[in-house]
Amino acid sequence: MADAASARDVRDLNPNADLDNTNTVTVTLILKLRLAERRTCARRMLGQALEFVREPEAEAMKARGEITSDFAARIRIRASCDPTWWKLPLVIALLYLAATRNQLEEHNLYDTYLPGELPVKKCDGVNLAARTLDGTCNELKTPAMGSLGTRFGRYVPIDKSYGENETTNLYTPNPRTISQQLFKRETFTPAPSINLLAAAWIQFQVHDWFSHDPVNDPDNYLTFPLPANDPLRATGQNNMSIRRTVWESHPGRPNTFNNINTHWWDLSPVYGQDSATNAKVRSFIDGKLNVAGDGLLPVGPDGLDITGFNDNWWAGLSMMHNIWTKEHNYVCDMLKASNPMWNDQQLYDHARLITTALNAKIHTVEWTPALLQDKILLAAMNANWYGLAPEWLQDLVPDLHIFPALSEAWYGIVGGEPNFDGVAFSHSEEFVSVYRFHSLLRDSITIRNHSDGADTANTYDIHEYTFGNAQNVIHDNSFADVVYTFGVDNPGALILHNYPDALLSLNKPGVPYTLDMGAVDVLRDRERGVPRYNEFRRLFLLKPAKTMDDISDDAATVAALRSVYGEDVEAVDLMAGCLAESPRATGFAFSNTQFQVFILAASRRLLTDRFFTTDYTAAVYTQQGLDYIQNSDFRAVIGRNIPELNASVYTVDNAFKPWKV
Ligand code: HEM
């Protein structure tokens with residue numbers, strides 16, 4: 001008999017099919033048809049992507065007057081295909097992903113600046129061979145692009161990005177109900193294929209890419225009543241209030257929001273993005289960053305590590321900042337040995353470029369394939385960085401950049417020509433939304449001894465490992481034991497019912513109320529105009545769910561969704577839908593809906609950055625630097641900076657997979 005996914009395939013093809021009595025022959029036949037359909041989809045989408053195949057179906061639809069534009073035709077074709085691409089043979093799946101990326105680049109990139117609105121910046125006197133602190137002068141024709149404080153863009157059409165408000169559905173269903181009934185963890189469900197380093201890593205990256213600024217002003221709160229049966233009511237609290245996000249309003253257009261970080265992938269959380277912070281983190285000797293006598297980051301009077309960006313601090317972030325500070329200093333030593341005449345600034349600038357590119361490479365070819373453990377994805381991510389062609393062939397046939405899409409796939413994005421697809425680079429609100437990975441966090445962390453894997457007596461719950469308390473975890477244990485613990489333990493799975501309870505009553509210093517992070521995550525999407533799950537799928541050219549049953553194969557998950565949203569499939573929030581969604585691609589830690597955003601963003605943040613494209617050269621980085629990046633992985637970074645871990649980190653082929661005890 002068919003499994004749940006196949007049963008759905010059958011029902012899609014024949015809504016009247018009696019699944020219990022469907023015999024195996026019929027099911028096999030139908031599934032064969034379905035596979036053929038998927039192959040056809042891949043072929044048709046590839047044709048569209050490369051634009052040398054006419055799309056007869058689209059033409060026919062236009063002739064029948066069913067649709068008026070090519071865009072509409074493409075949406076229809078993609079939505080009707082919506083293949084489970086991960087079941088396709090490798091080459092077809094790669095073509096399908098390439099075609100999907102091409103479509104998304106064509107239809108899902110929207111600038112929130114009208115012509116002339118982006119601030120004008122000049123690059124006179126700027127060292128163009130180094131990254132600037134505030135991210136200006138990366139794209140030289142538009143120096144402010146992607147810089148500190150500029151607006152988030154959108155991956156959905158601007159007219160679809162109006163925020164919900166009090167007169168529409170901003171508080172419906174109640175965000176607190178969603179948090180308590182759908183997100184709250186009863187028992188910890190681990191993500192068995194990855195380790196806790198992967199969780200700390202992605203928040204570290206997220207802080208490199210973006211952060212919003214919530215308004216700290218009592219007149220600007222989002223306030224809604226607590227559900228009738230909410231336990232908080234027993235304490236006399238009747239409402240929940242959350243600060244609004246700082247916004248800009250524009251006549252006749254949706255509000256926009258600014259990124260308080262640089263959009264570029266520049267390791268700004270380590271280096272800072274203004275000269276005062278940068279001066280605090282630098283030693284100004286041999287290009288190095290400051291470390292204290294114990295080799296770890298110094299701690300400031302607020303109890304937080306002194307580093308470039310330390311918001312939402314916890315032991316995992318402290319660990320990552322320490323590792324990458326050590327790595328920067330290691331690179332400085334290497335460069336100084338080969339270039340003894342270089343001054344502090346030359347060493348610092350080169351070390352930053354090399355350390356940043358290595359970090360981006362590790363994210364692309366190691367973190368991502370660990371989260372999305374699938375051979376197709378591994379090949380696709382390697383293609384993004386290295387290219388599909390073997391090195392000897394790339395050397396033999398130089399890239400003439402005649403077909404940009406082909407060049408990117410064959411030679412890799414890095415070191416090639418930049419490509420903006422006609423839209424200025426920025427991160428988007430939709431990108432922020434799909435990285436709300438709070439269920440990765442564990443309720444508590446018990447530090448293990450790196451030499452034998454045994455638990456020590458030191459256990460920290462969320463309250464004890466976050467904000468100012470993070471330093472206790474780092475400083476009361478050996479750093480090797482902390483990193484080892486993160487290497488061995490699993491994070492939580494990205495599914496419903498897996499937000500740590502303590503995160504639903506989080507007290508963050510400086511925030512004048514207790515945060516329910518589940519409610520906040522839902523409300524932020526509604527406030528910032530990120531479409532709900534079904535509309536989001538439509539706008540990303542995926543087939544929308546017709547009923548709750550289409551969202552997940554798991555009956556209990558569907559029942560949970562129904563308990564909050566009833567039959568109103570359009571009301572399902574993006575977060576809830578993504579955490580509930582199944583089937584997922586084989587080995588994927590997150591949903592196919594989130595993956596669409598990922599396909600677009602993963603290549604774009606490399607493709608648009610001068611330092612990963614035209615200036616990824618020996619002249620800018622040094623040949624030694626390029627070789628170092630090429631020959632390093634995260635295991636090497638850990639091993640050379642924390643030599644006690646050399647044995648354990650090499651028990652795995654990818655540092656983000658659980659290390660063997
Ligand atoms: C103990 C660790 C963590 C704490 C204390 C924490 C806390 C917070 C807080 C207070 C916010 C802002 C809430 C608001 O909008 O008012 C936030 C936002 C966010 N967090 Fe976390 N978080 C943690 C871990 C993580 C992890 C592991 C990820 C994984 C990627 C993550 C991803 C995000 C994202 C994407 C946002 C939205 C940022 C924005 O709106 O610009 N967080 N977090």
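Every number here is computed from the coordinates shown, using simple stated rules; none is lab data. It should be emphasised that the depicted structure is a prediction, and the values quoted were computed from it without experimental measurement. Using ideal geometry, Cβ is built from the backbone for each residue, glycine included, and neighbour counts are taken over all protein chains shown.
If you wrap a convex hull around the alpha carbons of region 575-627, what volume per residue comes out, as a whole number of Å³?
About 104 Å³ per residue, rounded to a whole number.
State which entries of Lys184/Lys546; Lys87/Lys657; Lys184/Lys657; Lys87/Lys326; Lys160/Lys361; Lys184/Lys508 exceed 30 angstrom in Cα-Cα distance in the structure shown.
Those over the limit are Lys87/Lys326; Lys160/Lys361.
Which net charge results for the neighbourhood of Glu327, defined as the other residues with beta-carbon distances under 13 angstrom from its beta-carbon, given Lys and Arg at +1 and Asp and Glu at -1?
+4
Just want to confirm a number: the relative contact order over region 283-336, from Cα pairs under 8 angstrom separated by 6+ residues, in percent.
In percent, rounded to a whole number, it is 39.
Tell me which lysines have Cα within less than 23 Å of Lys121's Cα, excluding those fewer than 8 residues away on the same chain?
Partners found: Lys141.
Could you list, bin by bin from short to long, the percent of Cα-Cα pairs of region 489-578 in 5 Å steps?
Binned Cα distances yield the sequence 3, 13, 19, 21, 19, 13, 8, 4, 1.
For region 214-271, what does the alpha-carbon gyration tensor say about shape, rounded, prolate or oblate, given a ≥ b ≥ c as the root eigenvalues, a/c under 1.5 as rounded, and a/b over b/c as prolate?
Since a/c reaches 1.5 but b/c is at least a/b, the shape of region 214-271 is classed as oblate.
Please arrange Arg154, Arg538, Arg640 by counting, for each residue, the other beta carbons lying within 10 Å of its beta carbon, fewest first.
Arg640, Arg538, Arg154
How would region 234-371 be classified by its alpha-carbon gyration tensor: rounded, prolate or oblate, with rounded meaning a/c under 1.5 and the a/b versus b/c comparison settling the rest?
prolate
Apply the a/c threshold of 1.5 to the C-alpha gyration tensor of region 440-503 and tell me whether it is rounded, prolate or oblate.
Because a/c hits 1.5 or more and a/b fails to exceed b/c, region 440-503 counts as oblate.
By per-residue mean of other Cβ atoms within 10 Å, what is the highest-first order of 365-375, 568-578?
My ranking of the peptides, most packed first, is 568-578, 365-375.
Give me, ordered by chain and number, the residues 5 or more places off Tyr499 or on other chains with an amide H under 5 Å from its own placed amide H.
For Tyr499, whose amide H was placed from the backbone, the distant partners under 5 Å are Lys184, Arg185.
Which ³J(HN,Hα) values, rounded to whole Hz and listed in residue order, are derived for region 534-550 from phi using the Karplus coefficients 6.51, -1.76 and 1.60 in 6.51 cos²θ - 1.76 cosθ + 1.60 with θ = phi - 60°, glycine and proline given as x?
With the stated coefficients, region 534-550 comes to 5, 5, 4, 4, 4, 6, 9, 6, 9, 5, x, 6, 8, 9, 4, 4, 6 Hz.
Quick check: Cα centre of region 588-627 to Cα centre of region 121-182, how many Å?
19 Å
Taking the square root of 5 times each eigenvalue of the Cα gyration tensor, what semi-axes in Å does the equivalent ellipsoid of region 607-661 have, largest first?
Working from the Cα gyration tensor, I get semi-axes of 30, 13, 7 Å.
With a sphere of radius 11 Å drawn around the Cβ of Asp344, what net charge do the other residues whose Cβ falls strictly inside it have (Lys, Arg +1; Asp, Glu -1)?
+1
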